[in-house]
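I have placed the structure first, in the form of structure tokens, so that the comments after it can refer back to it.
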Amino acid sequence: MLSQVFSCAVVGLDGEIVQVEVDYNPHSLPAFTVVGLPDAAVQESRERVRSAIRNSGLQFPNKRYTVNLAPASLRKEGPAYDLPLAIGVLASTDQVPLDKLIGAIFVGELSLDGSVRHVSGILPIVHRAWQEGFERIFVPVEDAPQAALVPEIEIIPVPSLGHLVEHLYELQVIPAYVRDELDLAVPPDLDGLTDFADVKGQEHVKRALEVAAAGSHNVLMIGPPGVGKTLLARALPAILPTMTLEEALEVTRIYSVADLLAQDKPLLRVRPYRAPHHTISEAGLVGGGSWPRPGEVSLAHRGVLFMDELPEFGQHTLEVLRQPIEDKHVTISRAKVTLTFPANFMLVGAMNPCPCGFYGDPVRECTCSPAAVRRYQQRLSGPLLDRIDIHVEVPRVDYDKLTDDRRGEPSAAIRARVEEARDRQRARFRAEARLQSNADMGPSEIRHYCQADDAGQQLLNTTLRQMQLSARAYHRILKLSRTIADLAGCDIISVTHLAEAIQYRPRKVLY
Ligand SMILES: Nc1ncnc2c1ncn2[C@@H]1O[C@H](COP(=O)(O)OP(=O)(O)O)[C@@H](O)[C@H]1O
Ligand SMILES: [Mg+2]
């Protein structure tokens, strides 16, 4: 007898419907063949399916089964097919009612005892099932809260294969998962972060980070060791604007596929903050593997990628970063597949000015040779530096300031201004779903939205000539000054906004 069950695969960040066909032949010798490009995990899955069925008190007749996973062109990976495969076997051997399989999707890994286990990528799976018009989806119990982020489709949390069979026969019905009300008015939890108020001095650095956060611009902090660069970067998440629901779902989807979501927090509300170590591999940074997974640049999507000790990452790694910084996504090509992952992050770098760290420091003498200083700084190529809008020096803090007990401005106050500036951006880009912040603007939007007044235009022209700026740098200055004007609540970019943006440009030579 032939049975058909629907399941769903994850390709990149998207779900793809998979049809599981099981042909049972009771008059042949025992065999269990799976066709349709299954990977090793699917082959293993037949062993789990066999044990799970038998240990659930059901029959697994020792005859011939031919399983087809369609479409054949799709590579199916992972153990998420255990449950549909088991249901397919049971349907083909007349142990579940066929009419109950219509309009339903099954996903889940099986343990040998028949209990249903967590699978990754539930969010894109359920989203696709809903898009394709399926009425209900059977998922592992622990994945139900995440599945429930997709509205309308019925979510049935399945504890075990035995429970599922009883449910299908309506002997003991599993109640559909009841969705929690999504309360976006409750602010996300930012406890435990360093408050900007506790960072002494460095007022101009805090200002630079506020501008960066307001428009999602890239920043590089340069200064001697122990002055608070790492401290400031860690405090950054507390001043970032809250994500919209669309942004939150977009980020959650990436973490769902990367299997990095906590069960009790199905929706990520706080912008990602990723701080990879400088020994990270290229695949770890931009994504990869024979079946590509999102890398740090994608895990930092809509948030911050903090690269401490930036020159230590090595020239090759830093060059690999240029493409995602420019395109705001990464494309990974493998023999069998080309995938695209979003990677719209704010790059925050920190570095010492030289190997010993004290070049230019007024108190401690630098012990590096001029050639060593140059070599160190040249690890960051011109094109990479050009893509960092805000360069800010972080000097040694005066003893008086360090010991001063007065607190600075708290993060919450800074965040309020950042939120307001981001609201202005969202209102401006209402009609263009692609744009969330000023940093997302392309040349035509820059022409349209970044009008400077006469004095500003004059300053810009002079600077362009004097600093011999590239067209990219010119556009980046305009985008940055747009953010500075947004923080000031101004529609027109004036000379003061431009002057601030220009002084954040990298100097041609630091040494
Ligand atoms: N401006 C500052 N205000 C308060 N504490 C500071 C400041 N700068 C440094 N510190 C203290 O020194 C420690 C080291 O600072 P860190 O941010 O790691 O320096 P850097 O990254 O610039 O080398 C911090 O954890 C903090 O305790
Ligand atoms: Mg540091």
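The values are calculated or read from the model by the stated rules, or taken from the named source; none is laboratory data. Owing to the predicted nature of the structure, the values given are computational and were not obtained by experimental measurement. Here the Cβ positions follow ideal geometry from the backbone for every residue, glycine too, while neighbour counts run over all protein chains shown.
Going by what's in this entry, would ALA148 be described as under 23 Å from the mean Cα position of the chain (by Cα), buried (at least 20 other Cβ atoms within 10 Å of the Cβ) and within 19 Å of VAL11 (Cα to Cα)?
In short, no.
Where residues in the stretch 52-84 are under 35 Å from the mean Cα position of the chain (by Cα) and of a type in the set (Ser, Thr, Tyr), which of them is nearest to PRO292 (Cα to Cα)?
Checked the stretch 52-84; the qualifying residue nearest to PRO292 (Cα to Cα) is SER73.
Go through the residues of the stretch 218-237 one by one and say whether even a single one is under 18 Å from PRO188 (Cβ atoms), hydrophobic (A, V, I, L, M, F, W, C) and either assigned to a loop (DSSP other than H, G, I, E, B) or not assigned by TED's automatic domain parsing to the domain that holds HIS204 (or both).
No: the stretch 218-237 contains no residue that is under 18 Å from PRO188 (Cβ atoms), hydrophobic (A, V, I, L, M, F, W, C) and either assigned to a loop (DSSP other than H, G, I, E, B) or not assigned by TED's automatic domain parsing to the domain that holds HIS204 (or both).
Please go through the stretch 205-233 and give me each residue that is within 12 Å of ligand 1 (Cβ to nearest atom) and not β-branched (Val, Ile, Thr), ordered by number. Talk me through it step by step, then tell me what you get.
Taking the stretch 205-233 as the starting set, the residues that turn out to be within 12 Å of ligand 1 (Cβ to nearest atom) are 205-206, 221-233.
Passing the criteria: LYS206, MET221, GLY223, PRO224, PRO225, GLY226, GLY228, LYS229, LEU231, LEU232, ALA233.
Six or more apart or on different chains, Cβ under 8 Å: which pairs go from a residue in the stretch 91-111 that's without any contact (Cβ under 8 Å) to a residue 40 or more places away in the chain to one that's surrounded by fewer than 24 Cβ atoms within 10 Å (Cβ to Cβ) and in a strand (DSSP E or B)? Could you list them?
As it stands, the answer is GLY103/ARG136, since those pairs meet every condition given.
Please find, among GLY162, GLY192, the residue that is away from ligand 2 (no atom under 16 Å from the Cβ) and modelled with pLDDT of 95 or more.
On the way: GLY192 fails: modelled with pLDDT of 95 or more.
Sole residue among the options that is away from ligand 2 (no atom under 16 Å from the Cβ) and modelled with pLDDT of 95 or more: GLY162.
What pairs come up if the first residue lies in the stretch 318-330 and is over 21 Å from GLN377 (Cα atoms), the second is of a type in the set (D, E, K, R), and their beta carbons are under 7 Å apart, counting only those six or more places apart or on different chains?
Here the result reads GLU326/ARG387, each pair linking the stretch 318-330 to a residue that is of a type in the set (D, E, K, R).
Conditions (1) without any contact (Cβ under 8 Å) to a residue 60 or more places away in the chain; (2) part of a loop (DSSP other than H, G, I, E, B); (3) farther than 30 Å from GLY12 by Cβ, marked per residue:
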position: VAL49; (1), (2), (3): no, no, no
position: ALA52; (1), (2), (3): no, no, no
position: GLY57; (1), (2), (3): no, yes, yes
position: PRO61; (1), (2), (3): yes, yes, yes
position: ASN68; (1), (2), (3): yes, no, no
position: SER73; (1), (2), (3): yes, yes, no
position: ASP82; (1), (2), (3): yes, no, no
position: ILE87; (1), (2), (3): no, no, no
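From the list GLU247, GLU296, GLU282, which one is out of contact with any strand residue (DSSP E or B) (no Cβ under 8 Å at 6 or more places or on another chain) and either away from ligand 2 (no atom under 16 Å from the Cβ) or within 20 Å of LEU190 (Cβ to Cβ) (or both)?
Answer to the selection: GLU247.
Scan the stretch 391-407 residue by residue and report those that are within 16 Å of ligand 2 (Cβ to nearest atom) and at pLDDT below 90.
Matches in the stretch 391-407: ARG396, VAL397.
What pairs can you find where one residue is in the stretch 181-201 and farther than 15 Å from PRO237 by Cα, the other is within 16 Å of ligand 2 (Cβ to nearest atom) and β-branched (Val, Ile, Thr), and their Cβ atoms are less than 8 Å apart, with a gap of 6+ or different chains?
That search, which allows pairs on different chains as well, returns LYS200/VAL397; GLY201/VAL397.
Looking only at the stretch 288-315, how many residues end up being at pLDDT 90 or above, of a type outside the set (Asp, Glu) and more than 16 Å from ligand 1 (Cβ to nearest atom)?
Residues that pass the stated criteria total 10.
Quick check: anything in the stretch 169-189 within 16 Å of ligand 2 (Cβ to nearest atom), more than 16 Å from PHE306 (Cβ to Cβ) and either out of contact with any Lys or Arg (no Cβ under 6 Å at 6 or more places or on another chain) or at pLDDT 95 or above (or both)? Can you show your working first?
Taking the stretch 169-189 as the starting set, the residues that turn out to be within 16 Å of ligand 2 (Cβ to nearest atom) are none.
Looking through the stretch 169-189, none of the residues is within 16 Å of ligand 2 (Cβ to nearest atom), more than 16 Å from PHE306 (Cβ to Cβ) and either out of contact with any Lys or Arg (no Cβ under 6 Å at 6 or more places or on another chain) or at pLDDT 95 or above (or both).
Among the residues of the stretch 421-457, write down those that are among the acidic types (Asp, Glu) and in contact with a helix residue (DSSP H, G or I) (Cβ under 8 Å, 6 or more places away or on another chain).
GLU432, ASP453
Would you check which residues across the stretch 430-477 are among the polar types (S, T, N, Q) and within 32 Å of the chain's Cα centre (by Cα) and list them?
Matches in the stretch 430-477: GLN436, SER437, ASN438, SER444, SER470.
What are the residues in the stretch 306-335 that are aliphatic (A, V, I, L, M) and either within 16 Å of ligand 2 (Cβ to nearest atom) or assigned to a loop (DSSP other than H, G, I, E, B) (or both), if any?
MET307, LEU310, ALA335
Out of the stretch 223-242, which residues are within 14 Å of ligand 2 (Cβ to nearest atom) and among the aliphatic types (A, V, I, L, M)?
Residues satisfying the conditions are VAL227, LEU231, LEU232, ALA233, ALA235, LEU236.
Within the stretch 360-390, restricting attention to residues that are under 14 Å from LEU347 (Cα atoms) and not in a loop (DSSP other than H, G, I, E, B), which residue is modelled with the lowest pLDDT?
Result: ASP386.
Filter the stretch 99-121 down to residues that are more than 31 Å from the chain's Cα centre (by Cα) and assigned to a loop (DSSP other than H, G, I, E, B) and give me whichever is surrounded by the fewest Cβ atoms within 10 Å (Cβ to Cβ).
Among residues in the stretch 99-121 that are more than 31 Å from the chain's Cα centre (by Cα) and assigned to a loop (DSSP other than H, G, I, E, B), the one surrounded by the fewest Cβ atoms within 10 Å (Cβ to Cβ) is ILE102.
Which of the helices (runs of 4 or more DSSP H) contained wholly in the stretch 395-484 include at least 2 residues that are in the same structural domain as PHE358 (by TED's automatic domain parsing) and surrounded by fewer than 17 Cβ atoms within 10 Å (Cβ to Cβ)? It would help to see each step written out before you state the result.
Working: elements: 399-403, 411-428, 443-449, 454-466.
By residue number, 399-403, 411-428.
Tell me, which residue of the stretch 165-217 that is among the hydrophobic types (A, V, I, L, M, F, W, C), in a helix (DSSP H, G or I) and out of contact with any strand residue (DSSP E or B) (no Cβ under 8 Å at 6 or more places or on another chain) is surrounded by the fewest Cβ atoms within 10 Å (Cβ to Cβ)?
ALA197
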